[in-house]
1. Could you list, in sequence order, the residues of segment 86-97 that are open to solvent by 30 Å² or more (accessible area, probe 1.4 Å) and closer than 18 Å to ASP122 by Cβ?
2. Would you pick out the residues in segment 49-60 that are open to solvent by less than 90 Å² (accessible area, probe 1.4 Å), more than 16 Å from PHE106 (Cα to Cα) and assigned to a strand (DSSP E or B)?
3. Exactly one condition in (1) more than 17 Å from TYR15 (Cα to Cα); (2) in contact with a Lys or Arg (Cβ under 8 Å, 6 or more places away or on another chain) is false for LYS93; which is it?
4. Name the residue, out of TRP109, TRP78, that is surrounded by 13 or more Cβ atoms within 10 Å (Cβ to Cβ), of a type in the set (Phe, Trp, Tyr) and within 24 Å of VAL14 (Cα to Cα).
5. When you scan segment 61-138 for strands (runs of 3 or more DSSP E) that lie fully inside it, which ones turn up with 3 or more residues that are within 16 Å of the chain's Cα centre (by Cα)?
6. Checking the conditions here, which among ASP83, ASP63 is open to solvent by 50 Å² or more (accessible area, probe 1.4 Å), modelled with pLDDT under 95 and not β-branched (Val, Ile, Thr)?
7. Against the condition free of Cβ contacts under 8 Å to residues at least 40 places away in the same chain and more than 15 Å from ASP122 (Cα to Cα), how does GLN54 come out, does it pass?
8. Taking PHE23 and the conditions (1) modelled with pLDDT of 95 or more; (2) open to solvent by 80 Å² or more (accessible area, probe 1.4 Å), which numbered condition does it fall short on, given that it satisfies the others?
Amino acid sequence: MVYRKELLKEWKSVYDHILVSKFGLQQRKIDNPNDKHTNATLWEAFPPLSEINQIKKALKPNDFPYYTAEGIEHWCLWKLCADVEDEEIDQAKQELQEMHGDIVSFLSWRNPPHLKSLPDIDHIHIMCLRSTLDAKNE
């Protein structure tokens, strides 16, 4: 939760940060209406999530991966305007395999609704077990 608090010192919402950092949407500065003791301006995504109606996907490393054993990477497959489908998870795993070439195993899951940190943007967690020798060299 510390990260969320820090992020909200610069961004209008976590959603705005995700739209810009994961999907490459534009960002613009707005006046900060919330707190006179922090930044006078905040970043927001443009267009906002409420105006996006085109499906977009992004496969990105998790900014805050779970603590795991050496050789395991934590990725997220994000999707706007629809739920991630099983075929898209398989495609993401194939893309990761082609990208790294040394993945031994995958584990993927969608958090249940009551545990989703961002319920309005569907995302799947993908763990990749990589050959430790090759993973160390990158």
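1. ASP86, GLU87, ASP90, GLN91, LYS93, GLU95
2. LYS56, ALA58, listed by residue number.
3. Status for LYS93: all satisfied but (2).
4. Every option except TRP78 fails the conditions.
5. Because the criterion is at least 3 residues that are within 16 Å of the chain's Cα centre (by Cα), the strands (runs of 3 or more DSSP E) in segment 61-138 that meet it are 72-80, 122-130.
6. Answer to the selection: ASP63.
7. no
8. Only one criterion is unmet by PHE23, namely (2).
The values are calculated or read from the model by the stated rules, or taken from the named source; none is laboratory data. Predicted, not measured: the structure shown is a model, and the values here were computed from it. Ideal geometry is used to build each Cβ from the backbone, glycine not excepted, and the neighbour counts take in all protein chains shown. These accessible areas exclude ligands, DNA and RNA; they are computed on the full protein's heavy atoms, side chains included. Shrake-Rupley method; radii C 1.70, N 1.55, O 1.52, S 1.80 Å.
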